[in-house]
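Novice: First, the structure itself, so that you have it in front of you.
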Amino acid sequence: MSNAMVPFICVVYDGKWYLKGLGSQREVLSEAYIPETNTWTTVNDGMVAGWRNRCISMNGKLYALDCRDGCKLRAHNEATNSWKRFLESKLHLGNSRALEAVALVPLNDKLCIVRNSMSISMVDVSNPDKQVESNPRVWENIASKGHLRSLFTNLWSRIAGRSGSKSHIIHCQVLQA
């Protein structure tokens with residue numbers, strides 16, 4: 001990096017690794033690493049200016065959380081170099097640390113939102129014109145109730161090493177065969 005920074009959010013997009021964080025004077029910094037030239041460059045365009053939360057690159061598009069619990073998504077519009085509201089679940093879960101969305105993971109062309117509480121929502125981002133109200137399969141909570149929640153909670157707890165102590169997810173990744 002050309003500037004000392006504590007990165008808070010990052011994404012690999014368009015062949016570059018974008019980082020946004022705090023500098024030594026607590027100023028917000030944004031940089032991109034370009035592997036072809038092995039260089040870092042300062043970035044101040046609309047993509048990073050409107051980027052405030054966790055983000056993911058899927059199928060050549062950028063998606064970011066627009067609410068702490070992950071109930072709203074924003075998408076980056078390359079033509080205008082700005083972010084706009086993309087999709088909303090219409091179900092705000094709350095602002096507690098347990099309900100905080102901590103990871104965005106792609107799975108079978110759907111975006112998975114993983115929360116500290118181990119709950120997971122799957123969002124079909126392939127067609128933004130679909131309405132959540134008329135098509136519940138656009139935004140599904142797959143690990144929030146019953147047996148499936150127990151299965152995922154037990155699995156994630158074992159992986160995360162949780163044994164009753166409070167902790168939070170730092171990174172999440174899905175491997176598919």
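Any read-out appearing in this document is the output of simple, stated calculations on the displayed coordinates, not a laboratory observation. None of these values were measured; they are calculated from a predicted model. FYI the Cβ positions are ideal-geometry reconstructions off the backbone, even for glycines, and counts take in every protein chain you see.
Novice: Pick out, in residue order, every one of the trypsin sites (Lys or Arg not before Pro) in the range 28-96 that is DSSP loop and has at most 12 other C-beta atoms within 10 Å; say none if there are none. Numbers along the way, then the final one.
Specialist: Details: sites: ARG52, ARG54, LYS61, ARG68, LYS72, ARG74, LYS84, ARG85, LYS90; in loops: ARG52, ARG54, ARG68, LYS90.
Answer in residue order: LYS90.
Novice: Could you give the nm distance between label points at GLU27 and ASN44, where each point is 7 Å from its Cα heading toward the beta carbon?
Specialist: 0.9
Novice: Quick one: which residues, 5 or more positions from ASP66 or on another chain, have an amide H under 5 Å from its amide H? H modelled 1.01 Å from N in the peptide plane, none for Pro or chain starts.
Specialist: The answer is LYS72, LEU73, ARG74.
Novice: Of the cross-linked pairs LYS16/LYS110; LYS16/LYS72; LYS20/LYS110; LYS61/LYS110, which ones have a Cα-Cα span greater than 18 Å in the structure shown?
Specialist: On the way: LYS16/LYS110 23 Å; LYS16/LYS72 26 Å; LYS20/LYS110 25 Å; LYS61/LYS110 13 Å.
Correct reply: LYS16/LYS110; LYS16/LYS72; LYS20/LYS110.
Novice: If we count other beta carbons within 10 Å of each Cβ, what is the order of GLU88, GLU27, fewest first? Display every interim value, and only then the final one.
Specialist: Numbers: GLU88 15, GLU27 10.
Taking fewest neighbouring Cβ atoms as first place, the list is GLU27, GLU88.
Novice: Rank these for me by crowding, PHE86, PHE8, going from fewest to most other beta carbons within 10 Å. Walk me through the numbers on the way to the answer.
Specialist: Numbers: PHE86 18, PHE8 13.
Arranged by neighbour count, lowest to highest, PHE86, PHE8 become PHE8, PHE86.
Novice: Apply 1/(1 + (r/R0)^6) to the Cβ-Cβ distance of GLU36 and ARG97, taking R0 = 30 Å, and write down the FRET efficiency to the nearest 0.05.
Specialist: Details: r = 40 Å, r/R0 = 1.32.
Efficiency computed from Cβ-Cβ geometry: 0.15.
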